[in-house]
Ligand code: ZN
């Protein structure tokens, strides 16, 4: 039996260190304080650039990004709150989630009543620090565990330090391109703007960097472009500045949350019937555990930009657990323990399988279509009735039966309920014996 017909996701296809390697990349990314623009984004690109060749692009603050404006860079030196007894009770240095991301500078003394509007906590999850941003209003604030919030003394004066700066500079993003035989492109992208959040950020960056390494050196039909950019603004700035590349995109995937044990999940492109939608549905239907596919909705990540009506590009969203559905989402519990090497490796393999389908799919033609060709004399069927077959006869029969020049290999796999990999292996075998063009 051809091993390609195994119904299990063959984890062994990946080298055993794959998950550990991706996790190690995520761990290196995790402590960095990222935001839309600034030193955190550049430090993040530095980590990626140590693994793959990265073209770095700087888009100046104040430049347009379609209907938006590229923000100024955000810098943080220190940020803390001292209670009336002089103890530091909230400290950016301890966890970068403590500072409301993009906070404006502030220095002063105030009562707890005056401070309260600047404090964010989660009464439902009192032990976790929430992640909050204030990109579009000049605000400052702190995020803290609700347990700690409840312990703040009522009387006396607090001292607050938010030593931050917003400076004119640039928004950074990185691109890695693997040239294939065709200039037509398959784009994979993830955001790089969340601070210390492992699943909802570091996992996607780390998996894509590893996937680019996996593909390096392969003969590819499509050109693969990996884009690491801040959410929303990064995608908008890229789209506005790259109309020629946009016109060459055949397939696209946005990825995030690739390291937890949920899912896997795929959200279709706005088109709903793009090739990537069919491919991802096929991979998830044949995986273990079986994944879920849902229709497009205008929420989520940068598929909102790539699928906006003016572009309507074939971009879907691939995740393990869907964003916003797991309790760790946008909290300090989304840490390096929450993402596991085995899930990161499985996410890598799902993406790789999708790419292999896109690469291998084609419309074959049966060269002996008048009745069934005799398989036995071509070594494709054992001559001894009842003996175990050494070839995947079911896939071979399906390919011969549907290879009329109108069905692609993916069409055949779907119609037969077989895994693409098995059908592709059967087609290769049939080509070798001259039965398929
Ligand atoms: Zn997020």
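The values are calculated or read from the model by the stated rules, or taken from the named source; none is laboratory data. Just so we're clear, the structure is a prediction, and the values are computed from it rather than from any experiment. Heads up, the Cβs are rebuilt from the backbone with ideal geometry, glycines too, and the neighbour counts pull from every protein chain shown.
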Kindly establish whether residue 234 is within 16 Å of the ligand (Cβ to nearest atom) and in a helix (DSSP H, G or I).
-> yes
Subset of region 408-425 that is more than 12 Å from residue 357 (Cα to Cα) and in contact (Cβ under 8 Å) with a residue 60 or more places away in the chain - its residue that is surrounded by the fewest Cβ atoms within 10 Å (Cβ to Cβ) = 414
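Looking only at region 237-281, count every residue that is assigned to a helix (DSSP H, G or I) and surrounded by 21 or more Cβ atoms within 10 Å (Cβ to Cβ) and tell me the total. It would help to see each step written out before you state the result.
First, the residues of region 237-281 that are assigned to a helix (DSSP H, G or I): 237-241, 243-246, 275-281.
Those left that are additionally surrounded by 21 or more Cβ atoms within 10 Å (Cβ to Cβ): 237-238, 276-277, 279-280.
Number of matching residues: 6.
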Tell me, please, whether a residue that is in a helix (DSSP H, G or I), more than 16 Å from the ligand (Cβ to nearest atom) and surrounded by fewer than 23 Cβ atoms within 10 Å (Cβ to Cβ) can be found in region 327-345.
-> yes
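Just checking: which of the helices (runs of 4 or more DSSP H) contained wholly in region 105-221 hold 1 or more residues that are more than 16 Å from the ligand (Cβ to nearest atom) and surrounded by 22 or more Cβ atoms within 10 Å (Cβ to Cβ)? First the steps, then the outcome.
Values: elements: 112-115, 146-150, 204-215.
Fully inside region 105-221 and qualifying: 204-215.
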Search result, residues across region 87-104 that are in contact (Cβ under 8 Å) with a residue 60 or more places away in the chain and surrounded by fewer than 17 Cβ atoms within 10 Å (Cβ to Cβ) = 104
Qualifying position, being outside the structural domain of residue 31 (by TED's automatic domain parsing) and touching a residue at least 24 places away in the same chain (Cβ under 8 Å), among 405, 371 | 405
Considering residues of region 304-319 that are within 14 Å of the ligand (Cβ to nearest atom) and buried (at least 22 other Cβ atoms within 10 Å of the Cβ) only, the residue nearest to residue 236 (Cα to Cα) | 317
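Say we look at region 375-388 and pick out the residues that are within 15 Å of residue 432 (Cα to Cα) and in a loop (DSSP other than H, G, I, E, B); which of these is modelled with the lowest pLDDT?
Initial filter on region 375-388 (within 15 Å of residue 432 (Cα to Cα)): 375-381.
Still in the list and also in a loop (DSSP other than H, G, I, E, B): 375, 379-381.
Values: 375: 91, 379: 87, 380: 87, 381: 78.
My answer is 381.
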